[in-house]
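Okay, so here's the structure we're looking at.
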Amino acid sequence: MKACLSRGPDGKSEGILNVLEVDMSSNELRFTRAHCWIREEGGEVVVGITDYAQEQMSELTFVELPEVGEHMEGDEEVAVVESVKAANDVYAPVSGTITAVNEALLEQPELVNHDAFGKGWLFKMKPDRRADLNELLDADAYEDELPEEEE
């Protein structure tokens, strides 16, 4: 499965942080291998990037969001997040239609840095197939995917 957020040209991450600052043990959140989180809300899902991803990028300076009503295939580029360090594509975690975008990020992209799992969400979408969400990682599997902390 293609990752939601691309890595640097060397394929490695810089630095490590405690990514699990929110209570993810509730199974409320699902994850992609490259640090997007997905939370179900009724028949929709809310999508954002994890604390780990935003910390790796540093302070976000720009966010490009998808168009409401646009249909996306899973693993299709759906948004862009930029920081002083890098620009990264964000990919749709599943196939579906964009139902809302977080317009506050257009003026305040740093909301992702300050509240990645809350006010820093990127977009909402209605999945074509709810069963596709079962293919995403749970919190334990996501944590296992993270690089080991360096002393």
Q: Determine, yes or no, whether D140 is closer than 21 Å to E40 by Cα and either in contact with a helix residue (DSSP H, G or I) (Cβ under 7 Å, 6 or more places away or on another chain) or of a type in the set (D, E, K, R) (or both).
A: yes
(Q) Looking only at the stretch 67-86, filter to residues that are of a type in the set (A, V, I, L, M, F, W, C) and in contact (Cβ under 8 Å) with a residue 40 or more places away in the chain; which one of those is farthest from F123 (Cα to Cα)? (A) A86
Q: Restrict the check to the stretch 135-146 and report whether at least one residue is assigned to a loop (DSSP other than H, G, I, E, B) and either of a type in the set (F, W, Y) or modelled with pLDDT under 95 (or both).
A: yes
Q) Got a sec? Which of D89, D75 is charged (D, E, K, R), more than 16 Å from K119 (Cα to Cα) and assigned to a loop (DSSP other than H, G, I, E, B)? A) D75
Q: Report whether or not K119 is basic (K, R), assigned to a loop (DSSP other than H, G, I, E, B) and under 22 Å from L146 (Cα atoms).
A: no
Q: Could you please give the count of residues in the stretch 29-61 that are within 12 Å of the chain's Cα centre (by Cα) and in a loop (DSSP other than H, G, I, E, B)?
A: 5
(Q) Scan the stretch 92-99 and tell me whether some residue there is within 19 Å of L146 (Cβ to Cβ), crowded, with 16+ Cβ neighbours inside 10 Å and modelled with pLDDT of 90 or more. (A) yes
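The values are calculated or read from the model by the stated rules, or taken from the named source; none is laboratory data. Since we're looking at a predicted model, the values are computed, not measured. A quick note on method: Cβ atoms are made from the backbone with ideal geometry, for glycine too, and the neighbour counts reach across all protein chains shown.
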